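This report refers to the structure that appears directly beneath it.
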Amino acid sequence: MRAADLVSEFGFTERHWVRQAAAGRVPGARQPFRAHSPWVFDVEVVRAWWASAERKPEPKPTHRLRTTPLHRFSAKPPVRHDIKKQLARLLAEGRPPPKKR
C-alpha cells in the first residue's frame, strides 16, 4: 500500500505518513529499493497499530474534580478597609483626606 492509500483510509496527508515512516513511528513501513525510493506500507500491520493506538476520551473535569481555586482571590476572603479609621488616622497625622474621584 502507498502513502496515498493510507490518506484515503486513515486521513492526514501523504507527507505526514512519509515523515512518520522515516522517523520509524509507523510499523510495517519500508523502502524496498533503498533510500529515495517510495515508501510502502503493510496495510494489515498499520491497521492493527492504528486500532491499538486509538484513545478513549477522558472525562472532562467538573467543579467537583477541580483542585485549584477558580480565581486567585477566591482562596481567601476579600480585605475590607474601614474608611472611617483611615480618615481618622490621616487627620491625626495632619494630612488632608484624599479627594473623591
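Quick notes on this one:
- Among the residues of the range 9-42, those identified as at pLDDT 90 or above and part of a helix (DSSP H, G or I) are Glu14, Arg15, His16, Trp17, Val18, Arg19, Gln20, Ala21, Ala22.
- When the range 1-45 is filtered for residues that are aliphatic (A, V, I, L, M) and surrounded by 15 or more Cβ atoms within 10 Å (Cβ to Cβ), the ones remaining, listed by number, are Met1, Ala3, Leu6, Val7, Val18, Ala21, Val26, Ala29, Val40.
The values are calculated or read from the model by the stated rules, or taken from the named source; none is laboratory data. Source: prediction; values computed, not measured. In this analysis, Cβ positions are derived from the backbone assuming ideal geometry, glycine residues included, and neighbour counts consider all displayed protein chains.
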